[in-house]
Amino acid sequence: MEIDWSELLAALGGGPSAVALIFLGWLYWRAISRNDDLTDKIIDISVNQANAMNELARSIEKVGGK
């Protein structure tokens, strides 16, 4: 999808205020994207940690069961 910047600027009234609105919108979109990426990383770390803890518990059970 290609953005027609001249059409977008015209729809926002043109001028510096329109450029500022587009820039603020881009900053907002970027912040949301970064938060989504961070959330995905936290979920991955949590899953890995849960798997490691489960493996540790199984290992302890094996040693304790002998």
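Between the residues Phe23, Ser6, Ser46, the greatest Cα displacement towards the positive end of the dipole of the chain, with unit charges on the Cβ of Lys, Arg, Asp and Glu, is found for Ser46. Placing unit charges on the Cβ atoms only, positive for Lys and Arg and negative for Asp and Glu, gives the chain a dipole magnitude near 540 debye about its Cα centre. For region 20-30, 3J(HN,Hα) computed residue by residue from phi via the Karplus equation (6.51, -1.76, 1.60; θ = phi - 60°) reads 5, 5, 5, 5, 5, x, 5, 4, 4, 4, 5 Hz, glycine and proline entered as x. Of the solvent-accessible surface of the chain, computed with a 1.4 Å probe and all protein chains present, 63% belongs to carbon and sulfur. Using the rule -39500 (n - 2.57) for each DSSP H run of four or more residues, divided by the residues of the chain, the 222 nm mean residue ellipticity is -31500 deg cm²/dmol. Of the two radii for the chain, the radius of gyration is 1.53 times the Kirkwood radius, both from the alpha carbons; that is the Rg over Rh value.
The values are calculated or read from the model by the stated rules, or taken from the named source; none is laboratory data. If you're wondering where the values come from, they're calculated on a predicted model, not measured in any experiment. Ideal geometry is used to build each Cβ from the backbone, glycine not excepted, and the neighbour counts take in all protein chains shown. These accessible areas exclude ligands, DNA and RNA; they are computed on the full protein's heavy atoms, side chains included. Shrake-Rupley method; radii C 1.70, N 1.55, O 1.52, S 1.80 Å.
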